[in-house]
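Inspection log for the structure reproduced underneath, given as structure tokens.
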Amino acid sequence: MTDDDALTPAETPPDKPATAPDRPPADPATRRRRRLLAIGGGLLALLVVGACAGGIAVISTIDGLADRAKENKRSVARTEAACVELERRLNRVAPPGSTANPRARATAVRNENAAVRPFLAELDQLPGDRREHRQDWLDAWSRLVDARAAYAGALEGQAAGGEPAFFVPPQGQRGKPVVERLVDAGPDSCDGSVRRLASPDL
């Protein structure tokens, strides 16, 4: 038995680990191609994310525009209905021209103004994105009601022996009569009421 034969399995020297063969370095063209692929993949991912976000934003915008269009349509319908109701209320009170004296005429003017107030309160509550346009129209209504209230006060002064009262139609922007603004910007269903209220001296 030789010395080699005397070694037990536990004493057998371990084999030398095999080393991995060295890879040849990639050539510059391959490295550039890999880098371009990585950059392109990143850009493609960004484009996909951007397209998804843009699509969601467009859908949200379209939904928002549709909702606003429905609100505006409802507001227009409610304004027209409010104008019809205003005319009904005005028809239930005596027009100023049917009165016998200045004091009775002042009362008739104030009664008509009272018929307008619920109309203005309803318009002020309407939804929609045309609030600025509607506010301008409401301001024109308020100027007309204020001018009528001043006329009623002048009628009371006339009844007490003062000077004759005259209605002074209010003027709007650039000297345009408020009545024209009310007729031009409002629905046709309001025109009759506007013309009646604009002539409290008849």
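For the reader, a short list of remarks on this structure follows.
- Cβ-Cβ under 7 Å pairs, at least 6 apart or on other chains, segment 84-106 side farther than 22 Å from Ala165 by Cα, far side among the aliphatic types (A, V, I, L, M) and part of a helix (DSSP H, G or I): Leu86/Ala115; Leu86/Val116; Arg89/Ala115; Leu90/Ala115
- Qualifying residue in segment 118-129 (condition: under 14 Å from Ser199 (Cα atoms) and either of a type in the set (A, V, I, L, M) or more than 29 Å from the chain's Cα centre (by Cα) (or both)): no
- Whenever a residue of segment 174-194 is touching a residue at least 12 places away in the same chain (Cβ under 8 Å) and under 14 Å from Asp136 (Cβ atoms), its partners that are among the basic types (Lys, Arg) and in a helix (DSSP H, G or I), lying with C-beta atoms within less than 7 angstrom and at least six residues away or across chains, give the pairs Val178/Arg143.
- Flag: Leu120 matches the condition of being open to solvent by less than 70 Å² (accessible area, probe 1.4 Å), within 21 Å of Glu71 (Cβ to Cβ) and not small (Gly, Ala, Ser).
- Some residue of segment 72-84 being more than 17 Å from Val194 (Cβ to Cβ), open to solvent by 50 Å² or more (accessible area, probe 1.4 Å) and of a type in the set (Asp, Glu): no
- The single condition among (1) farther than 18 Å from Ala106 by Cβ; (2) in contact with a Lys or Arg (Cβ under 9 Å, 6 or more places away or on another chain); (3) open to solvent by 30 Å² or more (accessible area, probe 1.4 Å) that Ala160 does not satisfy is (1).
- Listed by position, the helices (runs of 4 or more DSSP H) contained in segment 98-202 that have at least 2 residues being at pLDDT below 95 are 102-124, 131-159, 178-185.
The values are calculated or read from the model by the stated rules, or taken from the named source; none is laboratory data. It should be emphasised that the depicted structure is a prediction, and the values quoted were computed from it without experimental measurement. Glycine also receives a Cβ, built like all others from the backbone with ideal geometry; neighbour counts cover every protein chain displayed. We work out accessible area using only protein heavy atoms, side chains counted, and drop any ligands, DNA or RNA first. Shrake-Rupley method; radii C 1.70, N 1.55, O 1.52, S 1.80 Å.
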